[in-house]
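K.L.:
This is the structure I want to talk about, given as structure tokens.
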Amino acid sequence: MGTTRSVQPVTSCAFCGGPMPPPSATGRPAVFCSGTCRKAAHEARRTGAPGAFEVKVVERVVVESHDLASCVTRVIASPAACRRVLQALTALVADGTLGTDPKWRPTQEAAQGLVAVLTAPPGRVPPRRT
């Protein structure tokens, strides 16, 4: 079973409690809803006003579980991901891991099946192994 990490964005302003604008694609997550609130919070902290608070940015990370089939589906949908898996398997063969560790035997057989299909004459696909 795999996991996916996602960061939950801040939903309310640390100063006024109002709703936050949509998060930007880059940079640090926003803590305040506007520049006005950011400046007001800074001024309150600077002057030591009653009720002033220190702001700590804390990301809430949520780990979501998913099954292996969804990972396979996502990899198969991406030519780049497929290429990276094949390159990683090639590296395992090159360093001897794929041939010496018994846990890799089914993977080795699947790779041999892929080679058989890739090298078969057009229209003549060898039978699948189970």
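The values are calculated or read from the model by the stated rules, or taken from the named source; none is laboratory data. This is a predicted model, so every value here is computed, not measured. Every residue, glycine as well, gets a Cβ built from its backbone with ideal geometry; the counts of neighbours run over all protein chains shown.
K.L.:
Determine whether G35 is exposed (fewer than 10 other Cβ atoms within 10 Å of the Cβ) and at pLDDT below 90. Before the answer, list the steps.
P.N.:
Details: exposed (fewer than 10 other Cβ atoms within 10 Å of the Cβ): yes; at pLDDT below 90: no.
No.
Residue-wise test of (1) at pLDDT 90 or above; (2) touching a strand residue (DSSP E or B) at 6+ places or on another chain (Cβ under 9 Å); (3) loosely packed, with under 11 Cβ neighbours inside 10 Å; (4) hydroxyl-bearing (S, T, Y).
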| site | (1), (2), (3), (4) |
| --- | --- |
| C82 | yes, no, no, no |
| A88 | yes, no, yes, no |
| L92 | no, no, no, no |
| R105 | no, no, no, no |
| Q108 | no, no, no, no |
| A111 | no, no, no, no |
